[in-house]
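The values are calculated or read from the model by the stated rules, or taken from the named source; none is laboratory data. Computed from a predicted model, the values in this text were never measured in an experiment. Because the Cβ atoms are built from the backbone with ideal geometry, glycine has one as well, and the counts that use them run over all protein chains shown. Protein only, heavy atoms only, side chains kept; ligands, DNA and RNA dropped before computing areas. Shrake-Rupley method; radii C 1.70, N 1.55, O 1.52, S 1.80 Å.
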Amino acid sequence: MAAYYSLSWLLVSNCIGLLLATLLLFPKLNGLLGEWTYGHWMPLHLNLNLYGWCSLPLVAWLFKVYQVDRPPAVHWSRAALWAWSTALAVGAGAWLTGHTSGKLFLDWQGYARVLFVLAIFFLWLVLAW
């Protein structure tokens, strides 16, 4: 199940990467995007790659190590993946609107940061159970 979430984030982040490459080739296209210029898309691309594509396979490995991928805990592992992806989606909305710290891979600010910490805590609870 984690593989589907991970591949979904890979697809989304690589589509954003394609947009970024296009904006580098044709800088005038930045004007068409309004406030969502290259600087708003870059943290989104980097963070979705790190926290989606790279981190979720490690979460799946933790599920396997702690045997959370078997019944009866399998429903809780799916809920943890859903919470992680929801936090990423909320973070993506925040990064696109400019709510970012500007620090590489530490862009979590405001409500997105709280939601991500809650998702990590929920994941910890699932693994500890």
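Suppose we keep only residues that are small (Gly, Ala, Ser) and touching a residue at least 12 places away in the same chain (Cβ under 8 Å) within region 9-41. Which one would you say is surrounded by the most Cβ atoms within 10 Å (Cβ to Cβ)?
If we filter region 9-41 for residues that are small (Gly, Ala, Ser), which is where we start, we get 13, 17, 21, 31, 34, 39.
Next, only the ones that are touching a residue at least 12 places away in the same chain (Cβ under 8 Å) stay: 13, 17.
Details: 13: 23, 17: 17.
Here the answer is 13.
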Exercise. Are any residues in region 113-129 open to solvent by 20 Å² or more (accessible area, probe 1.4 Å), under 19 Å from residue 60 (Cβ atoms), without any contact (Cβ under 8 Å) to a residue 60 or more places away in the chain and aliphatic (A, V, I, L, M), and if so, which ones?
Worked result: 120, 125, 128
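Restricting to region 42-79, name every residue that is among the β-branched types (Val, Ile, Thr) and open to solvent by 90 Å² or more (accessible area, probe 1.4 Å).
Our first condition is that a residue be among the β-branched types (Val, Ile, Thr); within region 42-79, this holds for 59, 65, 68, 74.
Within region 42-79, no residue meets the criteria.
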For this session: Enumerate the pairs (first residue in region 64-87 and among the charged types (D, E, K, R); second residue anywhere and outside any helix (DSSP H, G or I)) with beta-carbon separation below 7 Å, excluding pairs fewer than 6 apart on the same chain, so at least 6 apart or on different chains.
Result: 78/1
For this session: Select from region 83-129 the residues that are out of contact with any Ser or Thr (no Cβ under 9 Å at 6 or more places or on another chain), of a type in the set (Phe, Trp, Tyr) and under 28 Å from residue 65 (Cα atoms) and list them in ascending order.
Result: 105, 116, 121, 122, 124, 129
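Could you please give the count of residues in region 86-112 that are assigned to a helix (DSSP H, G or I) and either more than 13 Å from residue 51 (Cα to Cα) or open to solvent by less than 40 Å² (accessible area, probe 1.4 Å) (or both)? If you could, list the steps in order and put the result at the bottom.
Taking region 86-112 as the starting set, the residues that turn out to be assigned to a helix (DSSP H, G or I) are 86-96, 110-112.
Next, from what is left, pick out any that are either more than 13 Å from residue 51 (Cα to Cα) or open to solvent by less than 40 Å² (accessible area, probe 1.4 Å) (or both): 87-88, 91-96, 110-112.
The qualifying residues number 11.
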